[in-house]
Amino acid sequence: MTVVPPLTDEKRRAAQKHIETIRFETPFHPRIAALMQTNDWYDWAGYKSANTLWAEELEYFAIRAQSALFDISPMVKYRIEGPDAEAFCNRLTLRDVSKLRPGRVHYTAWCDDSGHVLDDGTLFRLADTRFRLCCQERHLPWLLDGALGFDVAVTEETEEIAGLALQGPTSCALLKAAGFDGIETMKPFDIRDFGHESGSVTVSRTGFTGDLGYELFIDTPLALSLWDRLWTAGELYGIRAIGNAALNQARIEAGLIVANIDFITTDHALRADRVRMPDETGLGWMVDLKKGHFNGRRAIEDARRNNSIRHVLVGLEIEGNVPADHAIVYHRKKREAGVITSAAWSPTAKRNLAIASLERPYGDTITEDLWVEIYALHELRYTKLMKRATIVPRPFVKLPRRTATPPADC
Amino acid sequence: MKRWDAVVIGAGHNGLVNACYLQRAGLDVLVVEKNDWIGGAAVSRELTPGFTYSNCSYVCSLFRPEIMRDLELPRYGLQVIPYEGGAVFTQDGDYLAAYHDPHAHRREIARFSARDAEAYERYARDVTRQCRFIQPLLMRTAPDPASFRPRDLSELVYLGRKFAGMSAEELQLTVRFWTMSISDFLDEYFETDVLKAYLAVSGIIGTALGPMSPGTAYVLLHHYMGEVDGAVGAWGFARGGMGSITRALADSLRASGGTIRTEAEVDHVLIRNGKAEGVVLAGGEEIRAARVISNADVKRTFLKFVDEKELPEPFVKSVRNFKIRGSSGKVNIALDSMPQFPALPEDSPCLQGDMHFTDSIERMERAYDDWKAGRWSADPMIDMVIPTTLDPTMAAPGKHFMSCFSQYCPPQVEGRDWTDADRDAFAETVISQIADYSPGFRDRIVHMEVRTPREIEAEVGLTEGNIFQGELTFDQLLFNRPVPGYAQYRSPVDGLYICGSSTHPGGGVMGAPGRNAAAEILRDASKSTRHVSPAYDVI
Amino acid sequence: MTSYDAIVIGGGHNGLVAATLLARSGRKVRLVETADTLGGAARTDEFAPGFRVSTAHILNRLHPDVIRQLDLAAHGLDTSAAPAPTTVLGDREGPVTLRSGYGDHVDGISPDEAKAWSELRALLLRQAGILKPFLTRRPPRLGKLSRADMSLLGGSALALRRLGKEDMREFLRMVLMNVADVADEHLTDDRLKGLLAFDATLGSHLGPRSPTSLLGLYYRLAGEAGGSVGGQTIPAGGMGAVINALARAAAAAGVEISTGANVTRIALEGGKAAGVTLGTGEELRAGTVVSAINPATTFLDLVGPRELDIAFVRKIGNIRMKGDAAKLHLALDTVPDFPGISDADRKGRLVIATSTDHVENAFNPAKYGEFSPEPVMEITLPSLSDPTLAPDGACVLSAVVQYAPYDLREGWETGKPKFLEAILATLEANAPGIRNTIRHSELLTPADIESRYRMPGGHWHHGELQADQMLFSRPVAGHSGYDTPVGGLYLCGAGSHPGGGISGVPGLNAARNILASER
C-alpha cells in the first residue's frame, strides 16, 4: 500500500459535512426560527422541528379559527415514475390506484407479505405516470425490490421537496389572496400546480387536521419565497405558524392515526407480536379485493377467512375531562382489553377523546362496559380514575368546511 | 496446613467473578495467578512511563450488568464510557462513519448508497431481535440434550418454550444467524461493500474464520449482544483501561474476605482418588482446597494441569479436538501526540470510536487466506481505538494510547514457532497500514507492545493466543462448549470445575462463564445462590 | 385451448417422476420440456462424432422409493450394475481405493488408518441415517408444526436417543462442522482427507474448512446405489438410460409429453395457477401447475414478480445459486492410463484431490471470481461401462471439475481456455500422455451449463445446498413444502427439498404432497 490520496469524488466529500448538523434544518427553518418564542424544538425524523412556537393551546386555535402554517418537510417522499407506475403502486398499496385519477391524491397504506402494515401515507398522482408517496417511515429498499418487473423508477426526494401545510377556515381565502387563482374550485384530495417564481408549487387539498386546508410542495430552493408569499398574503387572514403539539390535538379530533404512535410499523417492531394488519388499525376499508394482486393480499384474505385478526382500533369517548394517554382499557373494570394509543381533550367538541387498540373480541363483538384507568399525576400525587369509555365513530370532529367546495368565505 | 474451600486458578475476569460469587456465599476462596499482575486478558499495565495500556482486550460491552451490580463493581471503581461509533477508511481517501445518532448514521450511509441508508433499519431490527432472544441464555447453564436429569429436562423445556414462542420468521432468522456467513448475511441487506466491510468486522474478531465462512453471522451476534447501560450492541471503554474491570473484581473479592496470590503458577491439580484436592505450584508448594476451579482454557486445564490418566479417554480426545485457534494479534502504541487522519473532518467523533482500514469483504477474506496458509496477513484487518480520547486518565495530557487489534495472526508461522523477527514484521504490517492513512504517524510513536499469539499464550496463558478460549462455532457453543457432556462447568474429576471463556456462553469480557460456574459449584456445595442474580428480564 | 388436470414444466428426472405419479392418480397430465430431448442435465448427448456422454455421470442417490413406485425396472432400468469403486489418485503414495458402499473396505492405506476409516465411516453413516428420514418428507413447518411434523421430529429425536448418549452428543456437535476438522479428528491419510474434502464440497460454494461443509458429505451418504448405502454406479447407457426408463414409465402412466416446447408464462387467474402459455402462443389450461425447473426461473420469469409479494420475491432473489462446478468431456483415441490403477478400478470414479489443503486452496480463488489454478475433480470413463458411448477402442472421459465460479471476473470467454489448460495439465500429470490422445474436448463452465440446460447459475442443485438453504429454508423460508404462495402452483425440482442429484426425491415428495393436499 502507498499513502492514501485525498478523496476526489466531490459529491461524497461535500456530503461528509452532514455530521456538523446532526439535527437537519428544514428549508423553512430561517423563518420558523425567527418566529420561535418557546425554543421548544423536537426531533422529527432527524429534522429540527417546532413542537410549539408560542403556546400550544393558542396555536391550536389558529388551526380552527384562522390559518395555521405547519412545516411538513420532514415527511419522507418518494418519486415513482414510469410507464408501470400505476401498476407498481397498485401492487404496493391496499387501495385501487387505477381509480386514482391524475391530479388526485389518496390516503393509503401498504403491508408486508404477512399482511402487516409497513406504513400509511398519501399517494399523489401528479401525472398519469408520475406519483409521489409521502409517509413517515423509510422504505426505499422495499420500494426498489418491489419495482422488480415493473418499468418504473423510484427515487427518494425528501430533501429536494419542501412541504407546508396550511390549515384552517381562512386558508382558501388566504391562498386566493396570495394569487392561487381558482383555488376555491379544488375539491378535497385534488392536486393542482400553481406557478411560483421560476417554478411551480404543487398544492393538494389535504391535511392532517380535519379542517379546511391545503398542503403545498415545492422544490427546496424556492421554499423560503413560498413561505414569504403566504406570510405576506396571510397577514389579513390571521396566518400563524404552529408546532406539532397543536397539530396533534387537531389530528386526534379528526380521528387520524400516526404510524409508530397508534400502531407499530412492521420494520420497527422488535417484538414480533406488535405488528398489525389493516383490519387491526382501522385501515381495513382500504383493502380492495376487487383489484388485482397487491402485497400482503393473500395473507389478509387468509386472516379474514380464518378469523385470525386479533386486534381492533377504535375511537373512544371517555367520561370526564382528563386525557387518558397510554391508559389501559378494561372490560367490566377487570379484564384488560387494550391500550389507549392517543388521547386529547377536544376544545372544539368539548369531549374527552382517545384512540385505542383493543384485543378482540373487545371493540369487535363486545363493545359495552369498557373502562379506562387513568393515573393523573398532579403535584406528586396520582389520582387513580376509572372512567367509562364509549366507542364512538371517527372522526370525532367533523367540520362541513373540510369538504365544502367552494369553501365558505372564499 | 490450611485447606481452602476453593482455589481458583487464574485471576482473569472469569476467575475473579467466580471467586467473588463463591466468597460471597461464605466459601473461603484463594485465587492463584502465575503473573505478578492480575487480570489475565482484561488488564491494564504501564509498560512505558505515563501510559496505561489495555494490553489485551480493549473495549467493553459484553460484561453483564447483573454481575456488575451483584459484585458492586461500580463501588470498586468500574465505569464504562460508551463511545460514539467509528469509521472505516476507504482506499479512495474517503471514509464511512458509524455515527451514534440514527439519522446522522443514515445520512452517512446515504453518501454511498441511498438504498443501504434505508436498509440499515431493518438490519438493526433483525440483529436486535436475535440479541433479545439470546441474552437470557447467557446467564443460564446449557442443558445436556442427552440427559434425562430433571434439571436438564426442565432447561430443555425452557428452551423449547422459547423457540415455540417465536414466529416462523424469527425462527428462520435464528437458523440464518447460526448457519450463514456474515458476508452472505449482509449481502441480503446491503449493496455497499464498504458498509458490509465495516459491519463484518464483528463477524470475524477473535475468530479463525473469514467473513465468507458460514457461522460468522453468529460471531457478529456474539459481539452485538452486549450493552452499555441497556443500549444493546453499544460498546464502551472501561475508564482506566480494561484492567479496571479486574481491579474492581479483585477489590470486591478482597473486601468480601477472599485472597489473591500472584506469582503463583500452578503446575498441576492435586487429584486423589479421582477427587480434586488442591493445586501444586510450580515450586512444589501444595495448596489444599475442597474444590479447584480453573479459569484457564479447557486445553490448558485438562491437558496440562491434569494427569491424563485421571481422565476418561474419550474426554481427553474431545479436549484435544477442541478448536482453539490463534487468529489475532495486538499492537499497543504509546503516542506523544494525537495522530491525524486527513480523510476525517477535524474533531470527528469517529476518532473516539473503532477505526478500520479494510474497506471490502474481499480484502478481509484475503487476509484470512494468508492465515490459512500459516502466515500473518499481509494486508491485515485492524480494529483500532484510541481510548485516551474519552479517558484522559490513561496518558498524560496530549499523549495517547492506541490499541490495534489485528487479524489474522496464525499460532505458528508456516508450521514453525514465531521469532522476534516475525513479530516485528507483523507489527510493521499494522504500522504501515495506519501510516498510509495518517501522515507522520511513525514519528509520534513513543513505545510499542507487540503481541502475537506467541506472546499472548506465554503471558496470559491462552492456548494458541485464542482470545475466546476456543472458537465460537456451533460445535463449540451452548451444550457443546467446551465439549459435549461437560458443558456444565464440571469435569470428569470430582471437585474440579472450569469457569473460563472455554465454557458457555463463551469469550469476550463477559463474566457470565465465571458466574454460571459459581452457581453450579454452589449448587454442588448445597450453598445458597440467592446472591447470584438471574438475567434481567428482556421485555 | 387444451385442458389438463396438471401441467408439469420441465422434463428432467424430477419432472418425469412427479408427472408419472400424478398421472397414475388418474389425472390428465401434460409434461412440457423446452429441449428436444428429455432428461435435462441427465440426458445423454453426442459431444463429438461417435462420442456420447451425459453431464450427470454418476448414479448415487436414485431413491429406492422412486425406483419402486415408478416400477422403473419394468420400464427398462437396469439396476444390476455393481457398485463402482472410488479411487483417489495419490501424489506420491499411490492411489487409495474405496470399495462398495463408500469404502466398506479400502485399499492402499495402513491398517491403523483402515481401522480409523471404518470407525469414521460407520459414524458418518449412522449420523447420515438420522437425517435420512427427512429426505422423503416435506420439511417440518417452522412456527406451525403439524402432527406429521411432530411425529417426524419426534422420530428423529428418538432415533438420536437410540444411538446412545455419546453418539447423540457427537451428532449434535458435528452436524454443523467443517469436513476438514472432522477428517483431522479421525484420519491421518491426506488422500482420504482429500476425498472427504472433495466429496463434501462437490457442487457447492464451500471449501472443506468452511463450517457446515460436513453436511455435503451427509447428503451424499444419505443416498444409495448398487444396493449399498453411500454407493455409486456408472449406469449403462449413461444417465440417459435412467431418463429413458423414467420417460417410459411416464408414457405408460399416460403422461402426454411434449419436447421442444418452452413455457413462457404461467397464467394466473384470481391469484391462482390456471395454466401455461407456450412459446408458440399455445395456451394449456390446468388448475395444477408443477414446475421442475429452477425456483427463480419459475417465479421471476414465468409467474413474474407482479403477482407475488415483495419479500417473497426478495427471498427468491437471495437464493444463492452460482455454480462452481465445470464439466469436462474428452473424446480420447484410447483409454487413458492412470499409473497404478487397475483396469477394474479405472471403471469407477477417479478423484484428484490430494489433500484437504488441495481442495481448500482450489476453493480460495473461487471466492474472488477466479478459477482454481490447480483444480480438483472427479473423473469417470463411462465408455468402459458402456462401449456404445464411444467408437471402438476410443474412450470418453467425463469429469466434474472445481472450482469454476459462474461469475468469472475476467469473463469465461478469455478464462475458459486458461481453465481448460489448467485442467488438462492436472490430467496430464495424473495420466501421462493423455493430452496426445485428445480428439475433441468440451468444457462446460457453469455459464455454459446455464445456457445449455437453462439452469440459472449452472447450479445442479438449483440453489446452493448449504445449511441456510436446506430443509425448511429450501427453496425459501415459509415455502418449503412444494406448495407456493400461488394456489395450484407447485415446485418439484432440485431447488426444493432435499436438493439436487439424480434422486427423483423432490419430484416424489412434491407429487405426494400435491396428491395429499388435493385429495
Rounded to whole Å and sorted largest first, what semi-axes of the equivalent ellipsoid does the C-alpha gyration tensor of region B:189-348 yield via the square root of 5 times each eigenvalue? 40, 25, 15
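In debye, nearest 20, what is the charge dipole magnitude of region A:266-392 about its Cα centre with +1 on Lys and Arg Cβ and -1 on Asp and Glu Cβ, if you could check?
140
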If you take each beta carbon of peptide C:165-176 and count the beta carbons of other chains within 10 angstrom, what is the mean? 6
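Considering only the other residues whose Cβ falls under 13 Å of the Cβ of B:Ala238, what net charge follows from Lys and Arg at +1 and Asp and Glu at -1?
+1
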With n ≥ 4 as the cut-off for DSSP H runs, can you work out [θ] at 222 nm for the protein assembly as shown, using -39500 (n - 2.57) per run divided by the number of residues, rounded to the nearest 500? -9000 deg cm²/dmol
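Could you give the DSSP H helices of chain B that reach 27 angstrom or more along their long axis (alpha carbon positions) and whose average Kyte-Doolittle hydropathy is no lower than -0.5? It would help to have the intermediate numbers written out before the result.
On the way: long enough: B:114-138 (37 Å, -0.78).
In chain B, no H run is both long and hydrophobic enough.
How large is the translational diffusion coefficient of region C:227-282 in µm² per second when you combine the Kirkwood radius over alpha carbon pairs with Stokes-Einstein at 25 °C and 0.890 mPa s?
Value of D from the Cα-based Kirkwood radius: 167 µm²/s.
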Based on the Kirkwood radius over alpha-carbon pairs, what is the Stokes-Einstein translational diffusion coefficient of region A:76-156 at 10 °C with 1.306 mPa s viscosity, in µm²/s? 129
Output ordering of B:110-117, B:218-225 (per-residue mean of other Cβ within 10 Å, highest first) is B:218-225, B:110-117
Would you give the gap between the C-alpha center of region B:94-160 and the C-alpha center of region A:1-23, rounded to a whole Å? 31
Per residue of region C:297-306, in order, report the coupling 6.51 cos²θ - 1.76 cosθ + 1.60 (Karplus, θ = phi - 60°) as ³J(HN,Hα) in whole Hz, putting x for Gly and Pro. 4, 4, 8, 7, 9, 8, 7, x, x, 4
Residues in region A:299-339 near a label at A:Met386, defined as backbone nitrogen under 11 Å from the 7 Å Cα→Cβ point? A:330-335
Would you tell me the mean number of C-beta atoms belonging to other protein chains that fall within 10 Å of each C-beta in B:163-172, as a whole number? 5
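When the chain is fully extended, how far beyond the present Cα-Cα distance does A:Thr232 get from A:His268, taking 0.36 nm per residue of separation? Display every interim value, and only then the final one.
On the way: separation 36, 0.36 × 36 = 12.96 nm, distance 4.15 nm.
So the chain would gain 8.8 nm between A:Thr232 and A:His268.
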Inter-centroid distance (Cα atoms) of region B:477-508 relative to region A:184-214, Å: 69
Set Lys and Arg Cβ to +1 and Asp and Glu Cβ to -1, take the dipole of region A:76-156 about its Cα centre, and tell me which of A:Cys89, A:Gln136, A:Pro102 lies farthest positive. A:Pro102
Choice from A:Ser198, A:Ser114, A:Ser225 with maximal GNM fluctuation in chain A (Cα, 10 Å cutoff): A:Ser198
For region A:266-392, what are the per-bin percents of Cα-Cα distances with bins 5 Å wide, up to the bin holding the maximum? 2, 10, 18, 19, 16, 14, 10, 6, 3, 1, 0, 0
Residue-span extension gain [A:His378 to A:Ser200] - 0.36 nm each, minus C-alpha spacing: 59.0 nm
Taking only the alpha carbons of region C:49-138, the radius of gyration and the largest Cα-Cα distance, Dmax, both in angstrom, are 17.2, 49
The simple spin-label model distance between C:Thr2 and B:Trp37, using points 7 Å out along Cα→Cβ, in nm, is 8.4
Relative packing of peptides A:301-308, B:328-335, C:355-362, B:454-461 - highest average C-beta neighbours within 10 Å first: B:328-335, C:355-362, B:454-461, A:301-308
Straight-distance crosslink candidates among lysines, where the alpha carbon sits under 26 Å from A:Lys334 and sequence neighbours closer than 8 are dropped: A:Lys384, A:Lys387
Scaled radius of gyration (Cα, divided by 2.2 N^0.38 Å) that region C:342-497 gives: 1.24
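I'd like the FRET efficiency for C:Glu518 and C:Glu413, computed as 1/(1 + (r/R0)^6) with the beta carbon distance as r and R0 of 45 Å, rounded to 0.05.
The computed FRET efficiency comes out at 0.40.
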Summing +1 for each Lys or Arg and -1 for each Asp or Glu, what net charge is found among the other residues whose Cβ lies under 12 Å from the Cβ of A:Asp71? 0
Could you name the lysines whose alpha carbon sits less than 19 Å from that of A:Lys99, not counting residues in the same chain fewer than 8 places away? A:Lys187, A:Lys290, A:Lys291
Ranked by how many other beta carbons lie within 10 Å on average, peptides A:396-402, A:135-141, B:381-387 from highest: B:381-387, A:135-141, A:396-402
Pairs beyond 22 Å (Cα-Cα), from C:Lys322/C:Lys418; C:Lys132/C:Lys193; B:Lys196/C:Lys416: C:Lys132/C:Lys193; B:Lys196/C:Lys416
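What FRET efficiency do you get for C:Asp36 and A:Lys187 if R0 is 60 Å and r is their Cβ-Cβ distance, rounded to the nearest 0.05?
About 0.45, to the nearest 0.05.
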How many angstrom lie between the C-alpha centres of region C:76-125 and region B:386-422? 49
Spin-label point model (7 Å from Cα, Cβ direction): what's the A:Val258 to C:Ala251 distance in nm? 7.3
Label points 7 Å out from Cα along the Cβ direction at A:Glu301 and C:Arg147: separation in nm? 2.9
Which lysines, if any, have their Cα less than 24 Å from the Cα of B:Lys527, not counting same-chain residues under 8 positions apart? B:Lys2, B:Lys275
From other protein chains only, count the Cβ atoms within 10 Å of every residue's Cβ in B:125-131, then give the mean. 2
So what's the convex hull volume per residue for the Cα atoms of the protein assembly as shown, in Å³? 196
Hand me the trypsin sites (Lys or Arg not before Pro) from region B:1-67 located in a DSSP loop with no more than 13 other Cβ atoms within 10 Å, in residue order please. B:Lys2
Quote the FRET efficiency, to the nearest 0.05, computed for B:Ala458 versus B:Glu285 with a Förster distance R0 of 22 Å and r equal to the Cβ-Cβ distance. 0.50
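Coordinate-derived values only; no laboratory data. Just so we're clear, the structure is a prediction, and the values are computed from it rather than from any experiment. Positions of Cβ are generated from backbone atoms using ideal geometry, with glycine treated the same way; all protein chains shown enter the neighbour counts.
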